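Just so you know, all these numbers are worked out from the coordinates, no wet-lab data involved. Just so we're clear, the structure is a prediction, and the values are computed from it rather than from any experiment. All Cβ positions, even for glycine, are placed from backbone atoms using ideal geometry, and neighbour counts span all protein chains on display.
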Amino acid sequence: IKTIGILTGGGDCPGLNAVIRAVVKTAHLYDYSVIGIRNGWKGIVEGEVEPLTEFSVTGILPKGGTILGTSRTNPLKSEEQTQQMLSNLKRFGIDAVVAVGGDDTLSVATRLHQMNIPVVGIPKTIDNDLSGTDYTFGFDTAVSIVTDAIDRLHTTAESHHRIMVLEVMGRHAGWIATIAGIAGGADQILIPEVPFDIDDVCEGLKKRRERGKKFSIVVIAEGAKPTDMNNFVTASSKVDEFGHEQLGGIGHLLGRAIEERVGSETRVTVLGHVQRGGSPTAHDRVLATRYGVKAVQQIHEGNYGVMVALHGDKIVPIPLSDAITQKKVDPELYEMARIFY
Ligand code: F6P
């Protein structure tokens with residue numbers, strides 16, 4: 001191995017630059033050169049690459065996003081793109097690839113490994129939904145942003161005696177909602193893993209009000225679903241003053257359903273991409289750095305087709321194929337949060 005190619009694929013997240021820096025610095029220690037592949041797998045298909053030196057990575061450790069750019073391109077969907085990717089790897093002299101990404105990016109890495117291309121994966125997503133690792137980097141930063149938002153919603157909710165609904169990311173998993181909900185002291189947490197009954201949610205909020213609590217915070221993951229969609233949407237679909245039907249995302253639907261049924265003034269915040277932006281927490285910087293170093297060490301040892309993963313307090317290689325199934329929120333942890341409702 002002389003040259004390592006590195007790419008970041010899928011949605012960006014804080015800590016990607018810390019990984020890139022760690023890979024470049026560790027690679028240079030072993031005398032490998034590093035080529036940065038721009039915009040995920042798209043860059044290798046289209047031949048967009050650049051050499052990365054230690055000067056390219058100066059000052060990027062605390063920076064959010066990725067200096068390489070990213071995309072959700074999956075070249076395996078087209079035979080032509082797959083061939084283009086393979087021939088460009090050869091053309092640029094890339095002997096091994098470090099792929100930093102979530103399930104989609106790593107599924108391409110798995111396929112490359114099956115085609116005998118040396119590849120090592122690094123788990124990345126704010127959603128923390130990759131099995132095989134205890135935590136993905138980016139998750140801790142998203143959780144602290146959401147926790148801060150819950151803290152801020154508390155003060156205004158209390159002043160106005162309102163119910164605040166906060167919709168957070170997570171795709172098909174409820175990790176961000178659960179962990180930030182516990183950290184921020186949410187009064188209800190709704191996640192995809194446990195479909196919610198709108199009547200139960202509203203009953204809980206009414207009971208809280210009867211106990212003298214004049215405000216509530218409800219955190220809902222974007223992928224959460226009601227047990228009975230008909231009951232939920234009938235209660236909450238609404239036509240605005242201009243005659244447009246207002247649907248909105250799950251957070252807005254929930255806010256409307258709660259306001260109608262509980263009778264308390266309700267406001268909805270959809271946090272969106274703020275959760276993925278900005279500087280990584282110290283925890284994510286360290287985790288991303290450890291992943292980057294370990295990935296290059298795997299290449300140095302000739303251990304390909306693996307993803308570096310956090311197990312307890314150790315970073316260990318696991319087969320790439322073990323990495324790409326979805327990790328659900330631990331039901332015990334989710335149940336614990338209910339103690340505080
Ligand atoms: O996977 C990360 C994530 O931020 C999800 O939480 C969210 O559903 C999705 O990406 C948003 O994707 P996009 O940036 O393409 O809108």
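Take the Cβ atoms of S131 and T155, set R0 to 45 Å, and the FRET efficiency comes out at 0.75. From largest to smallest, the equivalent ellipsoid semi-axes obtained for segment 1-141 from the alpha-carbon gyration tensor read 21, 19, 13 Å. Put simply, the amide H of V329, placed in the peptide plane, has neighbours under 5 Å in G174, leaving out anything fewer than 5 places away on its chain. Estimated translational diffusion coefficient (Stokes-Einstein, Kirkwood radius over Cα pairs, 25 °C, 0.890 mPa s) of the chain: 115 µm² per second.
Between V49, H28, T105, the Cα set farthest toward the positive side of the dipole of the chain (charges on each charged residue's Cβ, about the Cα centre) is that of H28. According to the Kirkwood expression over distinct Cα-Cα pairs, how big is the hydrodynamic radius of segment 1-73, in Å? Here the Kirkwood hydrodynamic radius works out to 12.1 Å. In order along segment 27-32, the Karplus-derived 3J(HN,Hα) couplings, from 6.51 cos²θ - 1.76 cosθ + 1.60 at θ = phi - 60°, round to 4, 5, 4, 8, 6, 8 Hz, and Gly and Pro are given as x.
With the charge dipole of the chain set up from +1 on Lys and Arg Cβ and -1 on Asp and Glu Cβ about the Cα centre, the Cα lying farthest toward the positive end among the listed residues T3, L166, H311 is that of T3. This model, with +1 at the C-beta of Lys and Arg and -1 at the C-beta of Asp and Glu, gives the chain a dipole about its Cα centre of some 580 debye.
Which peptide among 139-146, 281-288 comes first, and what is the full order, when sorted by highest mean count of other Cβ atoms within 10 Å?
139-146, 281-288
With a Förster radius of 51 Å applied to the beta-carbon distance between M336 and K63, the computed FRET efficiency rounds to 0.90. In plain terms, the residue of F137, F340, F92, F55 with the fewest other Cβ atoms within 10 Å comes first and the most crowded comes last, giving F55, F340, F92, F137. Remark: the E48-K77 segment gains 8.5 nm on full extension, using 0.36 nm per residue and subtracting the alpha carbon distance. Kirkwood analysis of the Cα pair distances in segment 31-87 returns a hydrodynamic radius of 12.5 Å. Note on segment 194-341: the alpha carbon radius of gyration divided by the globular reference 2.2 N^0.38 Å gives 1.48.
Against the compact-protein benchmark of 2.2 N^0.38 Å, the Cα-based radius of gyration of segment 122-177 scales to 1.36.
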